[in-house]
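Colleague: Have a look at the structure that comes next, please.
The values are calculated or read from the model by the stated rules, or taken from the named source; none is laboratory data. Please read all numbers here as calculations on a predicted model, not as lab measurements. Cβ placement follows ideal geometry from the backbone for every residue including glycine, while neighbour counts extend to all protein chains displayed. Keep in mind that these areas ignore ligands, DNA and RNA; they rest on the heavy atoms of the full protein, side chains included. Shrake-Rupley method; radii C 1.70, N 1.55, O 1.52, S 1.80 Å.
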Amino acid sequence: MSKIIGLITARGGSKSIPRKNTTLLAGKPLIAWTIEAALQSHRLNRVMVSTDDEEIADVSKKWGAEVPFLRPAALAQDDSPHIPVLIHAVEWLEQLEGTTLDYLMLLQPTSPLRSAKDIDLGIELALAQNADSVVSVCEASTHPYFTRRITSDGKLQDFVQKPDGYLRRQVLPPAYAWNGAIFLVRRDILMEKQTLETNSTYAYVMTPEHSLEIDTPWDLYLADLILNNPAKH
């Protein structure tokens, strides 16, 4: 049986929403929604939090997650990419615990509407396809053919080349975008290729309603409305 560890990444600094990961959302810290979903999963063997912040660590433990280490400050900057953070966690597990794993699942606290079912179905997809990785997506809110760019002199131009003629959304090929909720990657792919996507990456499609990302106070307001109305999610 494959060993799969869920890693929730949560640094202390946040400019758009100060102390975002511990900000209350529908009565719980934002990070608690992801911890609860991960703990309810039937497929994850462990649920860990990687953070540089003592308060986040304490809150995460209170809600049931493991916090076996504090992330180095160098990996918790505004511009710190995720791959080194994931590699740091795997190296810590292997070198200090002697723990081996087959897959690592990155779960970002900014996706509070992602469910345990989403987590399990993403894992089941990876196992069924023997995938290098699985990434959650949702249908793009704006189709790429409808996007535009503004030139240096203010003119509007197509962002991507599109077919000639009138385009109805209903007849366009579906377009999908990462929604940030689930990134599942095989341990060897992560460590050797240092990527989350290969030619053997499969898409786990989520509904737009479950794909809300918390990046701004407005996102937090919308999520609070949804989570305080269970009939709507």
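Colleague: So Arg169 clears everything in (1) of a type in the set (Lys, Arg); (2) open to solvent by 80 Å² or more (accessible area, probe 1.4 Å); (3) at pLDDT 90 or above except one condition, right? Which one?
Modeller: (3)
Colleague: Another question about this same structure. Can you work out which of the residues in segment 1-21 that are within 19 Å of Leu222 (Cβ to Cβ) and either outside any loop (DSSP other than H, G, I, E, B) or in contact with a Leu (Cβ under 9 Å, 6 or more places away or on another chain) (or both) is modelled with the highest pLDDT?
Modeller: Filtering first and then ranking leaves Asn21.
Colleague: Please count how many residues of segment 83-136 are under 23 Å from Glu213 (Cβ atoms), without any contact (Cβ under 8 Å) to a residue 60 or more places away in the chain and either in contact with a helix residue (DSSP H, G or I) (Cβ under 7 Å, 6 or more places away or on another chain) or buried (at least 22 other Cβ atoms within 10 Å of the Cβ) (or both).
Modeller: Total meeting the criteria: 1.
Colleague: Continuing with the same structure: Within segment 46-55, identify whether any single residue is more than 20 Å from Thr22 (Cα to Cα) and at pLDDT 95 or above, and answer yes or no.
Modeller: Looking through segment 46-55, at least one residue is more than 20 Å from Thr22 (Cα to Cα) and at pLDDT 95 or above.
Colleague: Of all the residues that make up segment 135-150, how many are over 13 Å from Tyr176 (Cα atoms) and either touching a strand residue (DSSP E or B) at 6+ places or on another chain (Cβ under 6 Å) or not in a loop (DSSP other than H, G, I, E, B) (or both)?
Modeller: Residues flagged as over 13 Å from Tyr176 (Cα atoms) and either touching a strand residue (DSSP E or B) at 6+ places or on another chain (Cβ under 6 Å) or not in a loop (DSSP other than H, G, I, E, B) (or both) within segment 135-150 amount to 4.
Colleague: Regarding segment 173-188, can at least one residue be identified that is β-branched (Val, Ile, Thr) and either open to solvent by 80 Å² or more (accessible area, probe 1.4 Å) or at pLDDT 95 or above (or both)?
Modeller: For segment 173-188, residues β-branched (Val, Ile, Thr) and either open to solvent by 80 Å² or more (accessible area, probe 1.4 Å) or at pLDDT 95 or above (or both): present.
Colleague: Regarding segment 191-207, can at least one residue be identified that is out of contact with any Pro (no Cβ under 9 Å at 6 or more places or on another chain), open to solvent by less than 60 Å² (accessible area, probe 1.4 Å), in a helix (DSSP H, G or I) and among the basic types (Lys, Arg)?
Modeller: no
Colleague: For Ala32, state whether it is on the phi < 0 side of the Ramachandran plot, in contact with a helix residue (DSSP H, G or I) (Cβ under 9 Å, 6 or more places away or on another chain), in contact (Cβ under 8 Å) with a residue 60 or more places away in the chain and surrounded by 15 or more Cβ atoms within 10 Å (Cβ to Cβ).
Modeller: Against the criterion (on the phi < 0 side of the Ramachandran plot, in contact with a helix residue (DSSP H, G or I) (Cβ under 9 Å, 6 or more places away or on another chain), in contact (Cβ under 8 Å) with a residue 60 or more places away in the chain and surrounded by 15 or more Cβ atoms within 10 Å (Cβ to Cβ)), Ala32 does not qualify.
Colleague: Only residues that are open to solvent by less than 20 Å² (accessible area, probe 1.4 Å) and at pLDDT below 90: list them for segment 56-82, please.
Modeller: Ala76
Colleague: Continuing with this model, one more query. Of all the residues that make up segment 35-76, how many are part of a helix (DSSP H, G or I), out of contact with any strand residue (DSSP E or B) (no Cβ under 9 Å at 6 or more places or on another chain) and touching a residue at least 60 places away in the same chain (Cβ under 8 Å)?
Modeller: 1
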